Amino acid sequence: MKKSILILGICLLCAAIFAAGCLGGNDSVNDTSNNSSNNSNNASDNSSSGNSSNVTAPPAPISPPADTAVYRGNIKSITDEGDATKIVLNQVRGTNYGIHEMTFLLDENSRTNFESSNLIIGQYLEVYYNSNDLSSGMRKMIAANLLQNADLVIYIGQITNVHETPESSIHYGQIEVKLENNSTMIFNYDGNTQFYMSLSDLKAGTNVSIYGNWIISSSMPPQTDAYEIRKFP
């Protein structure tokens, strides 16, 4: 009798250990499932954000006023001048306005697509001013646009190929450029593209600087639109 009770006790103990093992296994599976779900969510978040989290679209631009000159540059300094703001711009590599640095006065009559209080050093600014104002001091800022960072809209490289397309198409032509980082890009140009160079130089082997769109297609090679094309010495 005692032997039977002992055997029964051993059986019950084994059953309890087996049940505990099964329950532990289920918890382990649930943990793995939760971890996989979290990893999947993190991967999805990273994929959706990509590099665009560091790049924001600039404000909608103001149309350039008639009979004005344009200057683009990175903000070097911002100082208060009474009720106005003095802004010094440095032209960036790849552009040539004939003056490396220019100072502008922004006041209540200046039209801008930004709040002057939000400006910071290093931003890329496009300024329109009186073309007859040849003074070496501060020029009156008639209008201004905050642009995308210069390193995202100024492209420098050598033309490797030129493709002309019929004028009835979306673009009049394309130039294939090997950029300074050895990558290749295609730039579309049309009747709105400004050429600060002879069109006879629009050929393979010419070094160019392009002011273009910061939004790039995912094609191979990638491509974007060219707003201005000039020879790069």
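The values are calculated or read from the model by the stated rules, or taken from the named source; none is laboratory data. Just so you know, these numbers come straight off a predicted model, no measurement behind them. In this analysis, Cβ positions are derived from the backbone assuming ideal geometry, glycine residues included, and neighbour counts consider all displayed protein chains.
General remarks:
- Test: Gly94 is among the small types (Gly, Ala, Ser), in a loop (DSSP other than H, G, I, E, B) and loosely packed, with under 15 Cβ neighbours inside 10 Å: no
- Qualifying positions in region 177-219 - more than 19 Å from Thr165 (Cα to Cα) and aliphatic (A, V, I, L, M): Leu179, Met197, Val208, Ile210, Ile215, Ile216
- Applying the set (1) outside any loop (DSSP other than H, G, I, E, B); (2) farther than 16 Å from Ala69 by Cα; (3) small (Gly, Ala, Ser); (4) at pLDDT 95 or above to Gly122 leaves exactly one unmet item: (1).
- Any hit, region 140-153, residues being among the basic types (Lys, Arg), free of Cβ contacts under 8 Å to residues at least 60 places away in the same chain and in a strand (DSSP E or B): yes
- Some residue of region 223-231 being at pLDDT 95 or above and either of a type in the set (Ser, Thr, Tyr) or outside any strand (DSSP E or B) (or both): yes
- Residues within region 93-116 that are farther than 27 Å from Ile156 by Cβ and β-branched (Val, Ile, Thr), tallied: 1
- Gly191 modelled with pLDDT under 95, touching a Ser or Thr at 6+ places or on another chain (Cβ under 7 Å) and either surrounded by 13 or more Cβ atoms within 10 Å (Cβ to Cβ) or not aliphatic (A, V, I, L, M) (or both): no
- Test result for Tyr196, touching a Lys or Arg at 6+ places or on another chain (Cβ under 7 Å), of a type outside the set (A, V, I, L, M, F, W, C), surrounded by fewer than 18 Cβ atoms within 10 Å (Cβ to Cβ) and within 30 Å of Thr112 (Cβ to Cβ): yes
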